[in-house]
Amino acid sequence: MKLAEALQERADLNRKLDELRERLSNNVIVQEGEKPLEDPDELLAQFDGAAARLEELMQRINKTNAATVDGGETITALIARRDALTQQVRTYRNVVNWASQTGHRARGTEIKVVSAVDVRAIQKKTDALAQELRRVDNRIQELNWKTELL
């Protein structure tokens, strides 16, 4: 099984666990004299099975990510870089948006609001960070499809 397939299965299992949680909440309490639409014990058994599979899969994914080296970096390191870049890009985009909102004067007598940062420079840095994020993410995706799960 390729790492990418395991990641897809992990996502499916997380969705299944959410669905089972919802189904459990709808079936653990019923009006006296009524029966639940689904057997809560059966749902719990399904939940436990899916949780056990998820745990096994996550261990294997983490082991594979830590052991797979490409260009001197593990997939784990690339994921950490991607996560940090994602945070940076999100924040820099927000700064650009916040700093660009300077033209909100209804009358010429109101207080003028000016940007405290160089919006163009921050936008340029944002674009460079976003490009790096795409490069790192593409590299991770490529490795996910090339790498066999350990």
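The values are calculated or read from the model by the stated rules, or taken from the named source; none is laboratory data. This one's a predicted model, so the numbers in the text were calculated from it and none came from an experiment. Heads up, the Cβs are rebuilt from the backbone with ideal geometry, glycines too, and the neighbour counts pull from every protein chain shown.
Some observations on this one:
- The residues listed here are Ala99, Ala116, Ala130, Ala106; of these, the one that is at pLDDT 95 or above and not basic (Lys, Arg) is Ala130.
- First in the stretch 85-96 and in the same structural domain as Leu133 (by TED's automatic domain parsing) and surrounded by 15 or more Cβ atoms within 10 Å (Cβ to Cβ), second anywhere and not in a helix (DSSP H, G or I) and not hydroxyl-bearing (Ser, Thr, Tyr), Cβ under 8 Å, 6 or more apart: Val95/Val117
- Within the stretch 137-150, residues that are without any contact (Cβ under 8 Å) to a residue 24 or more places away in the chain reach no partner that is surrounded by 12 or more Cβ atoms within 10 Å (Cβ to Cβ) and part of a helix (DSSP H, G or I) with beta carbons closer than 6 Å at six or more positions or on different chains.
- Test set (1) among the polar types (S, T, N, Q); (2) exposed (fewer than 11 other Cβ atoms within 10 Å of the Cβ); (3) within 30 Å of Leu20 (Cα to Cα) - Asn65 fails condition number: (2)
- Qualifying residue in the stretch 98-118 (condition: in contact with a Leu (Cβ under 7 Å, 6 or more places away or on another chain), free of Cβ contacts under 8 Å to residues at least 40 places away in the same chain, of a type outside the set (Lys, Arg) and in a helix (DSSP H, G or I)): no
- Any chance Leu150 is surrounded by 11 or more Cβ atoms within 10 Å (Cβ to Cβ) and either part of a loop (DSSP other than H, G, I, E, B) or hydroxyl-bearing (Ser, Thr, Tyr) (or both): yes
- For Leu143: the one exception among (1) modelled with pLDDT of 90 or more; (2) of a type in the set (A, V, I, L, M, F, W, C); (3) over 30 Å from Ala4 (Cα atoms): (3)
- Identity of the residue in the stretch 11-59, under 30 Å from Met1 (Cα atoms) and among the small types (Gly, Ala, Ser), that ends up nearest to the chain's Cα centre (by Cα): Ala11
- Criterion applied to Ala45, Ala4, Ala80, Ala52 was being assigned by TED's automatic domain parsing to the domain that holds Thr147 and in a helix (DSSP H, G or I), and the one residue passing it is Ala80.
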